[in-house]
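See below for the structure under consideration.
The values are calculated or read from the model by the stated rules, or taken from the named source; none is laboratory data. From a predicted model like this one, the values you see are computed outputs, not experimental measurements. Please note: Cβ atoms are built from the backbone with ideal geometry, for glycine as well, and neighbour counts cover all protein chains shown. In case anyone asks, the SASA skips ligands and DNA or RNA and just uses the protein heavy atoms, side chains included. Shrake-Rupley method; radii C 1.70, N 1.55, O 1.52, S 1.80 Å.
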Amino acid sequence: MTEIKAEDRTPLIELADIYKIYQMGDESVYANNGITLTIYKGEFVAIVGRSGSGKSTLMNIIGALDVPTFGSYFLGGEDVSDMTDDELAGIRNKMIGFIFQQYNLLPKLNLMENVELPLLYAGVPSGERRERSLASLERVGLKEKWKNMPSQLSGGQQQRVSIARALAGDPSLILADEPTGALDSKTSREVLNFLKQLNEEGNTIVMITHDSSIALEAKRVVKIYDGKIDFDGDVSEYAAIL
């Protein structure tokens with residue numbers, strides 16, 4: 001992928017002074033505590049942090065699964081900050097492809113049916129759904145297995161199906177939550193290489209992980225600590241401080 005000049009970059013994710021506050025009895029817990037972050041189209045960013053750091057809360061906000069208590073969030077120029085649940089669902093379906101640690105495939109559906117689910121929710125006609133889901137399965141090398149059930153696949157193959165599902169709707173953002181967390185080291189490498197390939201093709205990827213060695217596979221690293229950004233920079237800069 002041709003390197004994008006800084007002045008030509010287009011923001012995809014714009015978070016400004018984001019707070020997410022939970023009430024635990026009389027105590028206010030700041031899961032996100034004033035986060036400001038811009039992610040540009042075509043980037044591959046790892047958001048890394050230990051359990052309890054606030055990275056999962058931030059992922060939920062970026063993924064339009066939740067809204068901040070305070071602050072603003074624009075995704076592709078649309079203000080997501082105070083949308084209703086239905087509006088958030090619409091944004092997720094239109095703009096975000098999710099890759100989960102546990103794959104989240106439906107066991108009673110074959111691979112093609114699993115991949116086309118987001119298209120079904122989006123109201124895409126059945127013929128086009130089939131065509132697009134098969135094309136996505138072909139991209140991850142599993143087109144010939146489209147009739148198979150998830151239980152007939154290895155863990156790595158199931159994760160590739162979840163990647164195909166994320167790609168089927170041609171999303172603006174691919175959000176990967178601990179995508180290698182349930183895989184062995186060899187299969188993890190294959191999945192990470194595939195994410196890199198997707199990024200080289202121009203896809204914007206945000207990967208959430210607790211593992212710094214996994215974060216090093218991205219091009220930019222954002223480290224969350226106690227609900228705040230502790231580091232934001234090039235992956236080589238992050239590697240130097242580990």
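When you go through (1) surrounded by fewer than 15 Cβ atoms within 10 Å (Cβ to Cβ); (2) within 19 Å of TYR40 (Cα to Cα); (3) of a type in the set (D, E, K, R); (4) touching a residue at least 24 places away in the same chain (Cβ under 8 Å) one by one for LYS219, which number turns out not to apply?
Of everything listed in (1) surrounded by fewer than 15 Cβ atoms within 10 Å (Cβ to Cβ); (2) within 19 Å of TYR40 (Cα to Cα); (3) of a type in the set (D, E, K, R); (4) touching a residue at least 24 places away in the same chain (Cβ under 8 Å), LYS219 misses just condition (1).
Read through the list (1) in a helix (DSSP H, G or I); (2) exposed (fewer than 15 other Cβ atoms within 10 Å of the Cβ), then give the number of the only condition that PHE231 fails.
Condition (1) is where PHE231 drops out.
Might you check whether a residue that is surrounded by 19 or more Cβ atoms within 10 Å (Cβ to Cβ) and part of a loop (DSSP other than H, G, I, E, B) occurs anywhere in segment 11-24? Working first, answer last.
To start, the set of residues in segment 11-24 that are surrounded by 19 or more Cβ atoms within 10 Å (Cβ to Cβ) comprises 12-13, 15, 18, 20.
Filter once more, keeping what is part of a loop (DSSP other than H, G, I, E, B): none.
The answer is no; no qualifying residue exists.
Find all pairs meeting these conditions: Cβ atoms under 8 angstrom apart; at least six residues apart or on different chains; first residue within segment 123-134 and within 18 Å of LEU111 (Cβ to Cβ) and open to solvent by less than 60 Å² (accessible area, probe 1.4 Å); second residue small (Gly, Ala, Ser) and part of a helix (DSSP H, G or I).
Matching pairs, first to second residue: SER133/ALA164; SER133/ALA168.
Quickly run through segment 182-208 and pick out the residues that are in contact with a Ser or Thr (Cβ under 8 Å, 6 or more places away or on another chain) and in contact (Cβ under 8 Å) with a residue 60 or more places away in the chain.
Those that are in contact with a Ser or Thr (Cβ under 8 Å, 6 or more places away or on another chain) and in contact (Cβ under 8 Å) with a residue 60 or more places away in the chain: THR204, ILE208.
Could you tell me whether segment 36-50 includes any residue that is of a type in the set (Ser, Thr, Tyr), open to solvent by 20 Å² or more (accessible area, probe 1.4 Å) and at pLDDT below 95?
So the first thing to find is which residues in segment 36-50 are of a type in the set (Ser, Thr, Tyr), and the list is 36, 38, 40.
From the residues that got through so far, the ones that are open to solvent by 20 Å² or more (accessible area, probe 1.4 Å) too are 36, 38, 40.
Okay, now just the ones that are also at pLDDT below 95, so none.
No, there is no match, as no residue in segment 36-50 is of a type in the set (Ser, Thr, Tyr), open to solvent by 20 Å² or more (accessible area, probe 1.4 Å) and at pLDDT below 95.
Scan segment 51-63 for residues that are within 22 Å of GLN23 (Cα to Cα), in a loop (DSSP other than H, G, I, E, B) and modelled with pLDDT of 95 or more and report the count.
2
Yes or no: segment 81-92 includes at least one residue that is closer than 21 Å to SER28 by Cβ, touching a strand residue (DSSP E or B) at 6+ places or on another chain (Cβ under 6 Å) and without any contact (Cβ under 8 Å) to a residue 24 or more places away in the chain.
As a first pass, look at segment 81-92 and keep what is closer than 21 Å to SER28 by Cβ: 81-82.
Cutting the leftovers down to touching a strand residue (DSSP E or B) at 6+ places or on another chain (Cβ under 6 Å) gives us 81.
Remaining after also requiring without any contact (Cβ under 8 Å) to a residue 24 or more places away in the chain: 81.
Looking through segment 81-92, at least one residue is closer than 21 Å to SER28 by Cβ, touching a strand residue (DSSP E or B) at 6+ places or on another chain (Cβ under 6 Å) and without any contact (Cβ under 8 Å) to a residue 24 or more places away in the chain.
Scan (1) in a helix (DSSP H, G or I); (2) over 24 Å from ALA89 (Cα atoms); (3) not aromatic (Phe, Trp, Tyr) for the single condition ALA182 breaks and write down its number.
Among (1) in a helix (DSSP H, G or I); (2) over 24 Å from ALA89 (Cα atoms); (3) not aromatic (Phe, Trp, Tyr), the lone unmet condition for ALA182 is (1).
Just to be sure, is PRO68 touching a residue at least 60 places away in the same chain (Cβ under 8 Å), crowded, with 19+ Cβ neighbours inside 10 Å and in a loop (DSSP other than H, G, I, E, B)?
No: the conditions fail for PRO68.
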